Amino acid sequence: MHKSDIIVIGCGPGGMEVASRALQQGLTVTVIERGHLGGTCLNRGCIPTKALCRSAEVIRMIAGSAEFGVDVSSAVIDYSKAVERKDSVVATLRENVAMMLSKAEIVTGEARFISPEVVEVNGESYTAPRIVIATGSSPASLDIPGASLAIDSDALLSAGKLPASMVIIGGGVIGMEFACILSAFGVDVTVLEYCKEILPNFDRDIAKRLHTSLSRGGMKIITGAQVTAISEGKRVEYTAKGKPGSVDAEEVLMAVGRRPVVPDGAGQIGIEVNRGAIVVDDDFATSVPGIYAIGDVNARMMLAHVASAQGASVMGDRVNLGVVPAVAFTAPECAMVGLTEEQCKESGLNYKVTKSLYRANGKAQSIGETDGMLKLIVDGDSHMILGCHVCGAHAADLVQEAALAMASSLSVEAITSTIHAHPSLSEILHSATL
Ligand code: NAD
């Protein structure tokens, strides 16, 4: 029997955080991982997609270079080179993780619970007084005829070549990020989204703005579309506004969400699972004492930085888990923190909305990023920030200042009275507070 102070199952952003904090605290740590260190985020999610996003950005920059007085002959994607770069970024970061966890015992294999204290991997038993499950999630699929003809985001990231055309089922974060990458690479993209608008979890004004911007650039986006079947030859059938429709493409991407991956034996030892996710309390403790579950596997909020924050919290750090920025790395980028206007309305809050346009900002004009808007929602009585929503260049960085104000219980006046450097995109948020 192998013994340690803490066992971490799954080495994505959540598991990595727990393991590294535990090592810092001088504990002996066993990390069990069936795939590569870094989990979905590093190997099949955030990092590889952002590497491809950057290739897409470079193409768009070159395509628009004449506006800046730079004469570059047309940009052509060498996809195998872009994939090679993506893989090398991933490999470097994987090495960093291995180095960071060099003092931990790393076990490669699939963990299975034998008892509340014992986990089995490759026929060996491991025990610890504390076990943290951080096994993440895997792509979900629709229960429709022909669903197996579609590929998921994992398969798309490991594909060696680009199709000429792609239907993307699901206009959520994964669907829209890939839609933007692929269309920059010259793929003819059609997005089919079930809800009334793409990015349904984002503020409607922001999602609409992205929709308009992408449609103007030639992307086909069909909302209110329920996909019903995929037939041989990759014809995707759907119903929209009560009418049937179909789109043909060389490849079909299924991007309709992700579902938690619960380790084998969890149910048998009494870990409560509800609708596929491990049930946890506010300290991320499961129904079995000594066992915790963090990240996508508890389905509280499927975001890499949330998994890390939950991991830090399990290891005793004080983390504000109530203020969570979220980003869609689309082109233009969309980011949010706090409540959407729709949520404020539904909750009957007394709120005030101000909008600030990128085109009124000197830095945005100088860098040629004038297509953008920031929307600030402030409580009408307390002047506390309820939400900040951005569609435009560096949106992720812009919402972060609002996130800090919200997490620190600062009123909007704290931003107004802070000098913002000129010329900078940060003035877009400042303007919205005036
Ligand atoms: P999602 O839930 O964000 O989007 C899935 C979309 O599919 C939804 O818009 C939904 O309405 C649509 N859909 C469902 N059934 C459909 C049907 N029959 N026909 C057409 N559309 C249908 O899920 P995702 O985009 O797959 O992402 C999974 C998770 O990973 C999310 O929690 C997401 O936040 C996270 N993620 C985050 C990032 C990031 O932070 N940048 C990037 C990628 C993924």
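Data overview
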quantity	calculated
Whole-percent carbon and sulfur share, accessible surface of the chain, 1.4 Å	51
Distance in nm between pseudo-label sites at Asp5 and Met61 (7 Å out along the Cβ direction from Cα)	4.5
Theoretical gain in end-to-end length, Arg204 to Asp264 [0.36 nm per residue, Cα-Cα removed]	17.6 nm
Gain on full stretching of the segment that runs from Cys195 to Ser158 - 0.36 nm per residue minus C-alpha separation	10.4 nm
The chain: calculated mean residue ellipticity at 222 nm from DSSP helix runs of at least 4, using -39500 (n - 2.57)	-9500 deg cm²/dmol
His2 long-range amide H proximity, modeled H, under 5 Å	Ser125, Tyr126, Thr127
Cα-derived Rg over Rh, computed across the range 318-434 with Rh taken as Kirkwood radius	0.95
Burial ranking of peptide ranges 34-42, 176-184, 156-164, 385-393 (average Cβ count within 10 Å, highest at the top)	385-393, 176-184, 34-42, 156-164
The range 39-49 - phi-based ³J(HN,Hα) in whole Hz, Karplus 6.51/-1.76/1.60, Gly and Pro as x	x, 4, 3, 7, 9, 9, x, 3, 5, x, 5
The range 1-105: proportion of alpha-carbon pairs further apart than 24 angstrom, %	43
Phi to ³J(HN,Hα) by Karplus 6.51 cos²θ - 1.76 cosθ + 1.60 over the range 419-426, Hz, x for Gly, Pro	6, 9, 4, 10, x, 8, 5, 4
Size-normalised alpha-carbon gyration radius of the chain, reference 2.2 N^0.38 Å	1.04
Under-5 Å amide H pairs with Ser165, H placed in peptide plane, nonlocal only	Asp188, Glu250, Glu251
Reference-scaled alpha-carbon Rg (2.2 N^0.38 Å with N residues) for the range 208-338	1.43
Rounded FRET efficiency, nearest 0.05, which uses the C-beta distance separating Glu110 from Ala140 and R0 of 22 Å	0.60
Rg to Rh, two decimals, where the range 54-168 supplies the alpha carbon set and Rh follows Kirkwood	1.13
Residue-by-residue Karplus 3J(HN,Hα) for the range 190-198, coefficients 6.51, -1.76, 1.60, Hz, glycine and proline x	10, 9, 10, 10, 5, 6, 5, 9, 5
Gained length - Lys220 relative to Phe68, 0.36 nm times residue gap less alpha-carbon distance	51.9 nm
Surface/4 estimate of mean projected area, convex hull on alpha-carbon atoms of the range 247-309, nm²	6.2
5 angstrom amide H check on Thr228, placed H, neighbours 5+ away	Glu237, Tyr238, Thr239
Accessible surface, the chain, averaged per residue in Å² (probe 1.4 Å)	46
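The values are calculated or read from the model by the stated rules, or taken from the named source; none is laboratory data. Model, not experiment: these values are computed from the prediction. Cβ: placed from backbone, ideal geometry, glycine included. Neighbour counts: every protein chain shown. Heavy atoms of the whole protein, side chains included, go into the accessibility calculation; ligands, DNA and RNA do not. Shrake-Rupley method; radii C 1.70, N 1.55, O 1.52, S 1.80 Å.
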